[in-house]
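Novice: Here it is, the structure in full.
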Amino acid sequence: MCGIVGYVGPLRADEVVLEGLRRLEYRGYDSAGIAVVSDGTLACVKKAGKLINLESALAQESLPSAHTGIGHTRWATHGAPNDRNAHPHLTQENSIAVVHNGIIENFARLRHELEEAGYEFASETDTEVVAHLLDSIYDPALGLAEAMRQACRRLDGAFTLVAIHANEPGVVVGARRNSPLVVGRGEGENFLGSDVAAFIGYTRNAIEMGQDQVVELHPDSIEVTNFDGSIAPINEYYVSWDAEAAEKGGFEHFMLKEIAEQPQAVSDTLLGRINDEGSLVLDEMRLSDDELRSIDKIVLIACGTAYHAGMIAKYAIEHWTRIPCEIELASEFRYRDPILTRDTLVIAISQSGETMDTLMALRHAREQGARVLAVCNVNGSTIPRESDAVVYTHAGPEIAVASTKAFLTQVVAVHLVALYLAQVRGTKWGDEIRHHIDQLASMPSKIESLLETMEPVRELAKSLVDAQAVLFIGRHVGYPVALEGALKLKELAYMHAEGFAAGELKHGPIALLEQGLPVVAIVPSPQGRSVLHDKVISNIQEVRARGARMIIIAEEGDSEVVPFADVLITIPAVPTLMQPILAAVPLQVFACALATAKGFDVDQPRNLAKSVTVE
Ligand code: F6R
């Protein structure tokens, strides 16, 4: 979702800001713009469409050499994605430029008030309200930061705002409520970004911005205050990844790179989880053993792919701990008045740590007294900051909009949480827990060998370039994998794709089947829980009997499925609960290859944003 960059320092601001915007492209956007201040004047260029359009506009109408600037990539909420609605928004006299991420909920009332006072609006955005509001408040004696604090006190909703003023070259002011903003501390230069990717090429020293805070940047100083003007403490941290980690590293797309990084990401997520005594340790688990023992219900909340990881978590947690577990879409959670007590543990799963639906759901849970554990990939992001405990997935930066390595590491992390609960509550013996950890530890090499066998999957994808639809079926943990396979195909290849619980097919969706329709079945391991295996085989027969083209994902050596497969994709043998970590991989490769064959942008699919920071 919208990307924001701010810069003040000795370099050419437009160049630094443009580079930051490029690094934030992955968040998803539909227009972009830059404003700089030099010699008491503001200059701005903005364009609908991708950054290439902005770059061509800058080539024709270059910005002056300035050392203070802001930039924005916009994902439209209020107003169409055109030049007029693109950010930055300027005041009538070009004195202030503002960029914004989020939604100003009381914008209509403020706009009416400002129009009454004589302000004329040039766009349909809620952001422009902030530019005029700042102008109406601005007092040269008090400065832009004070105007920002006063303006923010009048705004409802979620927002990150960054502004510059023609009278204040050498100053960039940012504000944050419920929307991401990070400060980058450089030497004689400072940065603002929606996330650290914006400035990672310049500095790895970052400062977390707290809720309801304003930051004032000069080349040599950073001051953070609360909206009421009081000084706020500065929480500085070092970013563990570098600019290279955010580059494509020789791959054609970030998504391909991130799929290939999965063995490492899983391995990093498992690193250091066993102590000298052989027990499972989760360092960031700030809940005491007593608190964990008192839990009588677990509710998992998440969105999209993270929700599918949550569905898998429910099977693992209930199986290993016997604690009743629910899984709910974060966007639905707080609107149904959920029953939560002190003894409910809410697990919020989010790659970005900024998804607004998940954030609002976790806040609701905490207000009701529940304890919240975050499973998150981005250090210092809002969701883990506002949770009682956190388990980080160590997937590294995920740039492609479609989640891949974050999903696998989320599944690994929730398995770790389930086993940790089993350890603390004594529902599994230590050696059983270690056995499961050993199985998890074998995943990176299994994913690696699986990735080497993906050529037939890519060929299959190319052969389906004209297919109208693809269905996915699975049972037990294979069901969320089926949903994930369908989601990947929808978002990347813009195809009709549906995932079903295999047993549910005969209750309606089977009517969709016709001659040649591709149906992907995820077959559970034939070992141990063979009833499940046999049931899926029966469902496959039902599908084949109606002429569907059967694509089967099954364990190596599962000879029973061979006669029913038009295409057979094999994955290494693992216990059923861990199978999603492998079964999801060919589905990622399949969706990526099919979208590429159709000529679509797999890293930035249309209409989508990497981090969805509005509800
Ligand atoms: C799909 C995808 C999304 C995200 C969802 C939640 O490939 O990436 O469905 O999983 O928007 O995002 P996070 O995990 O950042 O909360």
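Novice: Given E124, E128, which one is open to solvent by 40 Å² or more (accessible area, probe 1.4 Å) and of a type in the set (D, E)?
Specialist: E124
Novice: Can you tell me which condition A584 does not meet? The list is (1) in contact (Cβ under 8 Å) with a residue 40 or more places away in the chain; (2) in a loop (DSSP other than H, G, I, E, B), and all the others hold.
Specialist: (2)
Novice: Here is a follow-up. Restricting the search to region 411-430, which residues are more than 20 Å from E326 (Cβ to Cβ) and charged (D, E, K, R)?
Specialist: Passing the criteria: only K428.
Novice: Okay, next question. Looking at (1) open to solvent by 10 Å² or more (accessible area, probe 1.4 Å); (2) in contact (Cβ under 8 Å) with a residue 40 or more places away in the chain; (3) of a type outside the set (A, V, I, L, M); (4) within 16 Å of the ligand (Cβ to nearest atom), can you tell me which one S445 breaks?
Specialist: (4)
Novice: Can you spot a residue in region 340-352 that is farther than 19 Å from P384 by Cα and among the acidic types (D, E)?
Specialist: Yes; the residues of region 340-352 include at least one that is farther than 19 Å from P384 by Cα and among the acidic types (D, E).
Novice: Kindly indicate which of A309, A316 is open to solvent by less than 10 Å² (accessible area, probe 1.4 Å) and either in contact with a Ser or Thr (Cβ under 8 Å, 6 or more places away or on another chain) or within 16 Å of the ligand (Cβ to nearest atom) (or both).
Specialist: On inspection, the qualifying residue turns out to be A309.
Novice: Which pairs have Cβ atoms under 6 Å, sit 6 or more apart or on different chains, and link a residue in region 543-565 that is assigned by TED's automatic domain parsing to the domain that holds M578 to one that is assigned to a loop (DSSP other than H, G, I, E, B) and open to solvent by 80 Å² or more (accessible area, probe 1.4 Å)?
Specialist: G547/Q515; R549/D566; M550/D566
Novice: For S611, are the conditions met, namely being in a loop (DSSP other than H, G, I, E, B) and either of a type in the set (V, I, T) or crowded, with 24+ Cβ neighbours inside 10 Å (or both)?
Specialist: Judged against the criteria, S611 is a match.
Novice: I've got another one for you. Answer yes or no: is there a residue in region 219-234 that is part of a strand (DSSP E or B) and closer than 25 Å to R27 by Cα.
Specialist: No, there is no match, as no residue in region 219-234 is part of a strand (DSSP E or B) and closer than 25 Å to R27 by Cα.
Novice: Could you please give the count of residues in region 289-306 that are buried (at least 18 other Cβ atoms within 10 Å of the Cβ) and either of a type in the set (A, V, I, L, M) or in a helix (DSSP H, G or I) (or both)?
Specialist: The number of residues fulfilling the criteria is 10.
Novice: Could I ask something else about it? Mind listing whichever residues of region 249-271 are within 21 Å of L419 (Cβ to Cβ) and not polar (S, T, N, Q)?
Specialist: Residues satisfying the conditions are P263, A265, V266, D268, L270, L271.
Novice: Still on this structure: Looking only at residues that are closer than 19 Å to D466 by Cα and part of a loop (DSSP other than H, G, I, E, B) in region 592-608, which one is nearest to the ligand (Cβ to nearest atom)?
Specialist: P605
Novice: Out of all the residues in region 565-580, is one or more within 16 Å of the ligand (Cβ to nearest atom) and at pLDDT 95 or above?
Specialist: Within region 565-580, one or more residues are within 16 Å of the ligand (Cβ to nearest atom) and at pLDDT 95 or above.
Novice: So, one more: Which ones in region 146-167 are under 18 Å from I34 (Cα atoms) and either crowded, with 21+ Cβ neighbours inside 10 Å or not assigned by TED's automatic domain parsing to the domain that holds I104 (or both)?
Specialist: T160, L161, V162, A163, I164, H165
Novice: Now, a different point. Taking E504 as the residue in question, decide whether it is out of contact with any Leu (no Cβ under 7 Å at 6 or more places or on another chain) and not assigned by TED's automatic domain parsing to the domain that holds G310.
Specialist: Yes; evaluated as a whole, the condition is true for this residue.
Novice: Can you tell me which residue within region 339-365, out of those that are of a type outside the set (A, V, I, L, M) and over 17 Å from E615 (Cβ atoms), is nearest to the chain's Cα centre (by Cα)?
Specialist: For region 339-365, the residue satisfying everything is Q351.
Novice: Among the residues of region 235-262, write down those that are within 18 Å of the chain's Cα centre (by Cα) and outside any loop (DSSP other than H, G, I, E, B).
Specialist: Within region 235-262, A245, A246, F254, M255, L256, K257, E258, I259, Q262 meet the criteria.
The values are calculated or read from the model by the stated rules, or taken from the named source; none is laboratory data. A quick note: this is a predicted structure, and the numbers were derived from the prediction, not measured. With ideal geometry, Cβ positions are generated from the backbone for all residues, glycine too; neighbour counts draw on all protein chains shown. The protein model used for the area step is the full one, side chains on, heavy atoms only, and it has no ligands, DNA or RNA in it. Shrake-Rupley method; radii C 1.70, N 1.55, O 1.52, S 1.80 Å.
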